[in-house]
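Written out below as structure tokens is the structure these notes cover.
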Amino acid sequence: MLIKSISMKNFECYSGGHETNTFKFSPGVNIIIGDNGGGKSKLFNAFYWVLYDQIFDSDRRFFVPTREYTDSLISDKAKKDCLVGGEVSCEVSLMAYSLTSEKAYRIIRIFKAKKTGDRTWSCERSSKLLVDEKKLASWQSVPSDKHVNVLNMIIPPALKSYMWFQGEQVDGLMDFTDKSALVHIVNLLSDIQIYDDLIEISEAGLNSADKKYNTEVRRLSGDQQRTQSL
């Protein structure tokens, strides 16, 4: 499937509503460029969070679930503007579509917190995931037991390991003194198993087709020789 757009509301450094924090994408390769601290990593966090309910913590250098990250998900400005006793939420909305099946999906993840003091918050234990499919001119909710199937169509599980390579994560994986670790990194960055499997399947199909073709050629050749003899 192709990702059409992603938008954020009060998510990490992206304060404000969806209308001011929307990124639209074109088919093919899309390159995101920005200065240090410009929000590139936070944008990729939005992709990972809306799909997998996790955030990459660059300080600790591993993925953290929403229940541990809590109100850190919400932009500082939104938390500051919220009055004690008020509630603030962060959201990420992702739009994806398929060129082959002509299906379109909207994935929305929401997390809410209530301000109990100047710097204290009462947070929900988990985020809420909404998945909608566009049918005709309206959006229809997808049952929760089908959510995983839709998410796996957007980013197939075999490609999940390759969708996130933040600098802070990769340099921590590269240990040039450990040969086995280096081999693992090379394979991880360059050897996508699913494509190797496709090549193997294609070659097996080609060999099988060649054998059948040659067998048929020999059979027809024998019939032709008998015909000429008669």
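The values are calculated or read from the model by the stated rules, or taken from the named source; none is laboratory data. Please read all numbers here as calculations on a predicted model, not as lab measurements. In this analysis, Cβ positions are derived from the backbone assuming ideal geometry, glycine residues included, and neighbour counts consider all displayed protein chains. Please note that ligands, DNA and RNA were not included when accessible areas were found on the heavy atoms of the full protein model with its side chains. Shrake-Rupley method; radii C 1.70, N 1.55, O 1.52, S 1.80 Å.
What to note about this one:
- Candidate values [x] 8, 31, 37, 19, 5, 1; [y] 7, 23, 20, 9, 12, 16, 11, 3, 0; [z] 6, 23, 27, 19, 9, 6, 4, 3, 1, 0, 0, label of the one derived for P(r) over Cα pairs in 10 Å bins from 0, in percent: [z]
- Cβ-Cβ FRET estimate between His147 and Lys179, R0 fixed at 45 Å, reported to 0.05: 0.65
- Surface accessible to a 1.4 Å probe, Lys135 within the full protein complex, Å²: 90
- Of Phe25, Phe111, Phe44, the one that fluctuates the most in a GNM where the chain has Cα springs shorter than 10 Å: Phe25
- Extension gain for Gln224-Cys13 works out to 68.2 nm (0.36 nm per residue, less the C-alpha to C-alpha distance).
- Most mobile listed residue (Arg219, Arg125, Arg109) in the chain, GNM with C-alpha springs under 10 Å: Arg219
- Against the chain, whose longest principal axis comes from its Cα atoms, helix 40-52 is set at around 70 degrees.
- Phi to ³J(HN,Hα) by Karplus 6.51 cos²θ - 1.76 cosθ + 1.60 over the stretch 76-90, Hz, x for Gly, Pro: 4, 5, 5, 5, 5, 6, 6, 7, 4, x, x, 10, 9, 10, 10
- Computed with a 1.4 Å probe over protein heavy atoms only, the accessible surface of the chain comes to 66 Å² per residue.
- Sequence-ordered 3J(HN,Hα) estimates for the stretch 62-71 from the Karplus curve with 6.51, -1.76 and 1.60 and θ = phi - 60° stand at 7, 7, 10, x, 4, 4, 9, 6, 6, 6 Hz, glycine and proline given as x.
- Springs join every pair of Cα atoms under 10 Å in this Gaussian network model of the chain, and among Leu51, Leu198, Leu182 the largest mean-square fluctuation is at Leu198.
- A 1.4 Å probe over all protein chains sorts Met163, Met8 by accessible area into Met163, Met8, starting with the largest.
- Heavy-atom accessible surface of Ser141, to the nearest 10 Å², is about 100 Å², with a 1.4 Å probe and all protein chains retained.
- Classified by the C-alpha gyration tensor, the stretch 16-83 has an oblate form. Its axis ratio a/c, with a ≥ b ≥ c, is 1.5 or above, and a/b does not exceed b/c.
- Rounded, prolate or oblate (a/c below 1.5 giving rounded, otherwise prolate when a/b exceeds b/c) for the stretch 87-131 by Cα gyration tensor: prolate
- Partner lysines whose Cα lies under 19 Å from the Cα of Lys134, excluding those fewer than 8 positions away in the same chain, are identified as Lys4, Lys24, Lys103, Lys146.
- Using just its DSSP H runs of length 4 or more, each adding -39500 (n - 2.57), the chain gives a mean residue ellipticity at 222 nm of -12000 deg cm²/dmol after division by all residues.
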